[in-house]
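Bear in mind that the values in this text are calculations on the coordinates, not laboratory data. Fair warning: this is a prediction, and the values are worked out from it, not measured in the lab. Here the Cβ positions follow ideal geometry from the backbone for every residue, glycine too, while neighbour counts run over all protein chains shown.
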Amino acid sequence: MTGTNPQGSPSSAEAEVVELCSELIRIDTSNTADPETLAGEAEAADYVAAKLREVGYEVEVLESGAPKRMNVIARLEGADRERGALLVHGHLDVVPADPGEWSVHPFSGAVQDGYVWGRGAVDMKDMDAMMLAVARRFRREGIVPPRDIVWAFVADEEAGGKFGAQWLVANRPDLFEGCTEAVGEVGGFSLTYADDRRVYLVESAEKSMAWMRLRARGKPGHGSFLHDDNAVTTLSEAVGRLGNHTFPIVLTDTVRAFVERMRELTGQELPEEDLEGAMAKLGPIARMVGATVRDTANPTMLSAGYKSNVIPSTAEAVIDCRILPGRRDAFLAEVDELIGPDVEREWITDLPSVETPFDGALTEAMHAALRTEDPTAEITPYMLSGGTDAKSFAKLGMDCYGFAPLRLPPDLDFASLFHGIDERVPVDALTFGTRVLDRFLRTA
């Protein structure tokens, strides 16, 4: 049984998902992390809430500590209220986009050339649309899932979730009462590894997301004098050492399982002594999975001085740190050795790594749902190099997975679309994902 009706026509969910995705993209929810310039999620939250109420859901819309930062929560009762509930979550915010860089306007939601175009098409208004379409179908048609499903459309994921998942977990954990497992981004997408054979990557782990500020202090003075205590020089040398440093390869349980699974499926050797070279054989997705074999610390911002002939007293840098599970202490020891005693460090954002065992009924239901629509589908766990709201929901004891199912064209550089120019999702992938998500949630 697929997501279609007995007559073979598309289900109501499949029939409306493209329109839902397009309409969500047309709502600008750009998250600049600056209260003066961010668009906020209020309009998108109102849109989602209205669509859910239209089919009979009781909906909570919560402003989470700041104007326009809105979250939408609804619960669908399942057949077995004693079972642990399943949280299905998506974020409504997107990163900003410059229209001058795009082939189409990033907030047009254009449907053309077989794609839905716009900021958020893959991160993650596609999944929001699939969730909304399936939620509406279940309620409209009286479909009762095996257990309670909590639908959550949240704010602020692109800036770490302070006004979204973090706030909800800290202030309204009651909304997630009974939830033992959670499904969100970034996973369930296909990688073609042979002729018309695909493996779907399910996220079961992610590195920590830790943004660090470095600060050097020195003696201010005139730029024409001899000066041996220059904060800019001290900071620049430390940033250079850190930015050029290569952290050691460390295979976590998830990455090892991914490598072994891909070795089994592809027949390639994928030797551990040249793991990064082996990852490159996987094509464009190597940029995403290749970053999960070691810690990274990438300088992203520099700030110092106010006049060209004045040596400032302080200089600052921001470092984007992504740390493997179990590596935090060793990572910080390496950082301290590299920056030296004259540079201070502090965390701006410090969200933990997540690693969930990849076994049991939930992943089996994912595989079965995929196999219904793609009979040769295989699955594998993988680690995400970035971060998601799973970091927050895991604090409530949930096992968290990324499963936003998409069957992708073999030649599509999917990884480049995240936060990229001309972000887009194939229409066929969107309808495929809706059918898979529908079946998964009726069997999980």
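What does the C-alpha gyration tensor say about the overall shape of the stretch 182-314? Classify as rounded when a/c is under 1.5, otherwise prolate if a/b is larger than b/c, or oblate. In terms of gyration-tensor shape, prolate. Here the Karplus curve 6.51 cos²θ - 1.76 cosθ + 1.60, taken at θ = phi - 60°, turns the phi angles of the stretch 398-407 into couplings of 7, 7, 10, 9, x, 8, 10, x, 9, 9 Hz, with x standing for Gly and Pro.
Which net charge results when you count Lys and Arg as +1 and Asp and Glu as -1 among the other residues whose beta-carbon is under 11 Å from that of E355? Net charge in that neighbourhood comes out at -3. Using a simple spin-label model with points 7 Å from Cα along the Cα→Cβ vector, what separation in nm is obtained for A15 and T300? Those two pseudo-labels are separated by 4.3 nm.
Please say if the stretch 36-128 is rounded, prolate or oblate, where rounded means a/c under 1.5 for a ≥ b ≥ c the square roots of the C-alpha gyration tensor eigenvalues, and otherwise the choice is prolate for a/b larger than b/c and oblate otherwise? In terms of gyration-tensor shape, prolate. Between amide H atoms placed 1.01 Å from N, distances below 5 Å from G161 occur with no residue 5 or more places distant or on a separate chain. Across the chain, the relative contact order, built from alpha-carbon pairs under 8 Å that are at least six residues apart, equals 24 percent. Contact order for the stretch 90-158, expressed relative to its length and based on alpha carbon pairs under 8 Å spaced 6+ residues apart, stands at 45 percent. When you filter the GluC sites (Glu not before Pro) in the stretch 96-182 for DSSP loop state and at most 14 other Cβ atoms inside 10 Å of their Cβ, you are left with E177.
Panel values: the stretch 284-379, Kirkwood radius from alpha carbon pairs, Stokes-Einstein at 25 °C and 0.890 mPa s, translational diffusion coefficient 138 µm²/s.
Sparsely packed loop sites in the stretch 283-335 (the trypsin sites (Lys or Arg not before Pro) outside DSSP H, G, I, E and B with at most 15 other Cβ atoms within 10 Å) comprise K307. Looking at the stretch 277-380, the chymotrypsin sites (Phe, Trp or Tyr not before Pro) that sit in a DSSP loop and have at most 10 other Cβ atoms within 10 Å of their own Cβ are Y306. Near G305, the amide H atoms lying under 5 Å from its own belong to T314; only residues 5 or more places off or on other chains count, and H is placed 1.01 Å from N. For L87, the amide hydrogen comes within under 5 Å of the amide hydrogens of V150, T180, E181, A182, V183, counting only partners 5 or more places away or on other chains and with H modelled in the peptide plane. Our summary gives the stretch 52-190 a relative contact order of 38 percent, counting only alpha carbon pairs under 8 angstrom and 6 or more residues apart. Per-residue packing, averaged as other Cβ atoms within 10 Å, sorts the ranges 348-357, 388-397 into the order 388-397, 348-357, beginning with the highest. In the chain, with Lys and Arg counted as +1 and Asp and Glu as -1 at Cβ, which of these residues, N298, V72, A97, has the Cα nearest the positive end of the dipole, that is, farthest along it? Projecting each Cα onto the dipole axis, the largest value belongs to V72. Charged neighbours of I249, selected by a Cβ distance under 13 Å, balance to -2 (K, R count +1; D, E count -1). Lys-Lys pairs in the chain that are eight or more residues apart or on separate chains and whose Cα atoms lie under 25 Å of each other come to 16.
For the stretch 74-88, backbone phi angles converted through the Karplus equation (6.51, -1.76, 1.60; θ = phi - 60°) give residue-by-residue couplings of 9, 10, 10, 5, x, 5, 10, 6, 7, 6, x, 6, 10, 8, 10 Hz, Gly and Pro being listed as x.
Projected label points at D329 and E272, each 7 Å from Cα along the beta carbon direction, are separated by 2.2 nanometres. Neighbours of I27, meaning other residues whose beta-carbon lies under 10 angstrom from its beta-carbon, give a summed charge of -3 when Lys and Arg score +1 and Asp and Glu score -1. For the chain, the normalised intensity computed at q = 0.12, 0.13, 0.14 Å⁻¹ comes to -1.02, -1.18, -1.34 (log10 of I(q)/I(0), Debye sum over alpha carbons, equal scatterers, no solvent).
Considering only I379, P312, L338, the residue lying farthest towards the positive end of the dipole of the stretch 290-444 is I379, judged by Cα position with unit charges set on Cβ.
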